[in-house]
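Accompanying notes for the structure given below.
The values are calculated or read from the model by the stated rules, or taken from the named source; none is laboratory data. What you see is a predicted model, and the numbers here were worked out from it, not measured in a lab. Ideal geometry is used to build each Cβ from the backbone, glycine not excepted, and the neighbour counts take in all protein chains shown. In case anyone asks, the SASA skips ligands and DNA or RNA and just uses the protein heavy atoms, side chains included. Shrake-Rupley method; radii C 1.70, N 1.55, O 1.52, S 1.80 Å.
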Amino acid sequence: MKDKIIVAMSGGVDSSVAAYKMLKEGFDVVGVTLKLFDSENTEKMIADAESVAKLLGIKWCVADYSSYFKDVISYFINSYRKGETPNPCAYCNKTAKFVYLFNEMQKNNAKYIATGHYAKIIEKNGKKYIGKATNLQKDQSYYLALLDSFQISLLKFPLSEIDSKDETRQIAKEIGLPVSEKKDSQEVCFLCGRNYREFLSEKVDSKRFKKGYMIYNGKKLREHEGVEFYTVGQRRGLGLNYHEPLYVKEIDAKKGNIYLAKKEEVVKRGVKLRDVNMVDDRLRVFKAKAKIRYRMNEEDCLVEILPESKALILFEKPQFAPTKGQLAAIYLDDIVVGGGFIYETF
């Protein structure tokens, strides 16, 4: 009897090829498309996923979690209102997407969950970890740093060994998938092509934006539209005509002020993390590498795990603009051993 597996199908080329590869490996595949919010993009996603499922000849369904997903959207909005920079993909993976997929796995009496993420499952010393994908340009292990051991034990990443996105598209083309040339989604899914400022302007009454001043060396340079529209490390879009580049160093959401500084002053040696997830709970104080944003290399650091799901990371070299609310992923070699959200920098 074949093992049954749930494949998350978003209507894109990655998840479609993931479903195909699981089918070729001999699994009893059930495609599941998660409906998380209402939009034209959602309807297109559902239609594309259904057409791929029909072509592959697999079972397929839509699972509506839109009423639950509002929590992710609220987290996104509230983070900006607190002067933080959210990481909705990491937050969603931990609290929403993989929880929903686990529910669907149980409903369908399946044994595993597969997704189109570019990442690996690596077993070391009897434990399974998230590892970097072969295709490092597309590696998504960073966004999966908050998944716990139980969640990881259920996962399969069929695209883990694929060398490039071109290879994924070539597979899709060879088997006649209608989404082989579909463009990748480049933004947070529920923004639907809008930038986050446009989204916040739609969701929050303009009278409620936390307005104040941009301040440099104690001097008020100008009023701003609201702390929600700025992030630590930002240089462009500040609306300043200053004789040298200035960057956002700190956001005081309570007073509504944004403090600016020169680039060399927007660096920190350490960060403190909350909501920490450690796959190996035996680790306490250890040398590792960490990254505090997706588009960066991991940097050498010392990690100390603290009580109450907190941790401290001290980098060997100062890092530019560590940002409250962002995810720090902790690596040992090519595996993710944990991660958490930044709540303090120093």
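Within the range 307-320, being under 21 Å from Tyr91 (Cβ atoms) and in a loop (DSSP other than H, G, I, E, B) holds for Glu308, Ser309.
Yes/no matrix, rows are residues, columns are (1) crowded, with 18+ Cβ neighbours inside 10 Å; (2) at pLDDT 95 or above; (3) not assigned by the TED database to the domain that holds Thr323:
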residue: Tyr247; (1), (2), (3): yes, yes, yes
residue: Ile251; (1), (2), (3): yes, yes, yes
residue: Lys254; (1), (2), (3): no, yes, yes
residue: Asn257; (1), (2), (3): yes, yes, yes
residue: Val271; (1), (2), (3): yes, yes, no
residue: Val276; (1), (2), (3): yes, yes, no
residue: Asp280; (1), (2), (3): no, no, no
residue: Leu283; (1), (2), (3): no, no, no
residue: Ala288; (1), (2), (3): yes, yes, no
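Condition test on Thr95, is it modelled with pLDDT of 95 or more, open to solvent by less than 20 Å² (accessible area, probe 1.4 Å) and part of a helix (DSSP H, G or I)? Judged against the criteria, Thr95 is not a match.
Considered as a group, the residues in the range 10-32 that are crowded, with 24+ Cβ neighbours inside 10 Å and of a type in the set (S, T, N, Q) include one that is nearest to Lys97 (Cα to Cα), and that residue is Ser15. Regarding Glu225, is this residue over 23 Å from the mean Cα position of the chain (by Cα) and assigned by the TED database to the domain that holds Asp38? Here the answer is no, as Glu225 does not meet what is asked.
What about Arg235, is it closer than 18 Å to Ile130 by Cα and open to solvent by 30 Å² or more (accessible area, probe 1.4 Å)? Step through it out loud before you land on a result.
Details: closer than 18 Å to Ile130 by Cα: no; open to solvent by 30 Å² or more (accessible area, probe 1.4 Å): yes.
Here the answer is no, as Arg235 does not meet what is asked.
Scanning the range 203-227 for residues that are in contact (Cβ under 8 Å) with a residue 60 or more places away in the chain and either surrounded by fewer than 19 Cβ atoms within 10 Å (Cβ to Cβ) or farther than 23 Å from Pro245 by Cβ (or both) yields Lys203, Val204, Lys210.
For every residue, the table says whether it meets (1) among the aromatic types (Phe, Trp, Tyr); (2) modelled with pLDDT of 95 or more; (3) farther than 19 Å from Lys4 by Cβ.
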{"residue": "Ile77", "(1), (2), (3)": "no, yes, yes"}
{"residue": "Leu101", "(1), (2), (3)": "no, yes, no"}
{"residue": "Asn108", "(1), (2), (3)": "no, yes, no"}
{"residue": "Lys111", "(1), (2), (3)": "no, yes, no"}
{"residue": "Asn125", "(1), (2), (3)": "no, no, yes"}
{"residue": "Ser160", "(1), (2), (3)": "no, yes, yes"}
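Within the range 131-147, the set of residues being charged (D, E, K, R) and open to solvent by less than 50 Å² (accessible area, probe 1.4 Å) comprises Lys132, Asp139.
Of the residues making up the range 105-130, just one is open to solvent by 10 Å² or more (accessible area, probe 1.4 Å) and under 13 Å from Leu34 (Cα atoms), namely Met105.
Check Ala90, Ala63 and return the single one that is of a type in the set (Gly, Ala, Ser), closer than 23 Å to Ala19 by Cβ and not assigned by the TED database to the domain that holds Val232. After applying the criteria, what remains is Ala63.
For Lys183, indicate whether it is surrounded by fewer than 16 Cβ atoms within 10 Å (Cβ to Cβ), within 27 Å of the chain's Cα centre (by Cα) and closer than 30 Å to Ile58 by Cα.
On the way: surrounded by fewer than 16 Cβ atoms within 10 Å (Cβ to Cβ): yes; within 27 Å of the chain's Cα centre (by Cα): yes; closer than 30 Å to Ile58 by Cα: yes.
Yes, satisfied.
Residues that are without any contact (Cβ under 8 Å) to a residue 24 or more places away in the chain and within 22 Å of the chain's Cα centre (by Cα) number at least 1 in the following strands (runs of 3 or more DSSP E) confined to the range 240-306: 299-306. Taking the range 154-190 as the range and being assigned to a helix (DSSP H, G or I) and more than 22 Å from Leu101 (Cα to Cα) as the test, the residues that pass are Lys165, Asp166, Glu167, Thr168, Arg169, Gln170, Ile171, Ala172, Lys173, Glu174.
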